[in-house]
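Have a look at this one.
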């Protein structure tokens, strides 16, 4: 039993969890859950593609997922000495965002996992800034809604061209 009162078990091929005494079954077997999780992509995501299409339509040219730079940035604009990361709010710990809420189960695991992600992100951004790069972070919640996205994209152009 973990601190939240959850108990994990296995009934046949279905994982079950108990949260505060109420059994909760995972709808997938361990193998199927593993398959589903393995299909979560780290690059070529819809938010990345949206931002790239917008930048291309405005005449910006870029490199994607360039391994030469710390953190393998989503978008590198060499002409403007700018790097753009497109972060998922949950995975990168966006402060004060509803989407970054920790799951109620296996809390210790998620705290460590997400904390490690945040520390790694900060180190990579610091290295890039020390090397003179303008680093821009776009959060998923900023581009999910069409109206908010349009405002964010216009702001992005000025962040790139003004170097801020």
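The values are calculated or read from the model by the stated rules, or taken from the named source; none is laboratory data. It should be emphasised that the depicted structure is a prediction, and the values quoted were computed from it without experimental measurement. Cβ: placed from backbone, ideal geometry, glycine included. Neighbour counts: every protein chain shown.
Given (1) in a loop (DSSP other than H, G, I, E, B); (2) in contact (Cβ under 8 Å) with a residue 40 or more places away in the chain; (3) within 26 Å of residue 58 (Cβ to Cβ), identify the lone condition not met by residue 70.
Of (1) in a loop (DSSP other than H, G, I, E, B); (2) in contact (Cβ under 8 Å) with a residue 40 or more places away in the chain; (3) within 26 Å of residue 58 (Cβ to Cβ), only one is false for residue 70: (3).
Output the number of the condition that residue 84 fails; it satisfies all remaining conditions of (1) at pLDDT below 95; (2) surrounded by 12 or more Cβ atoms within 10 Å (Cβ to Cβ).
(1)
One residue is enough: does the range 121-134 have a residue meeting the conditions touching a residue at least 12 places away in the same chain (Cβ under 8 Å), in contact with a helix residue (DSSP H, G or I) (Cβ under 8 Å, 6 or more places away or on another chain) and within 20 Å of residue 52 (Cβ to Cβ)?
Scanning the range 121-134, I find at least one residue that is touching a residue at least 12 places away in the same chain (Cβ under 8 Å), in contact with a helix residue (DSSP H, G or I) (Cβ under 8 Å, 6 or more places away or on another chain) and within 20 Å of residue 52 (Cβ to Cβ), so the answer is yes.
Give me the pairs: first residue in the range 91-109 and not assigned by TED's automatic domain parsing to the domain that holds residue 142, second residue surrounded by 10 or more Cβ atoms within 10 Å (Cβ to Cβ) and at pLDDT below 90, beta-carbon distance under 6 Å, and six or more apart or on different chains, which are they?
So the pair list comes out empty.
Name the single residue, out of those in the range 145-164 being touching a residue at least 12 places away in the same chain (Cβ under 8 Å) and out of contact with any strand residue (DSSP E or B) (no Cβ under 8 Å at 6 or more places or on another chain), that is nearest to residue 93 (Cα to Cα).
149
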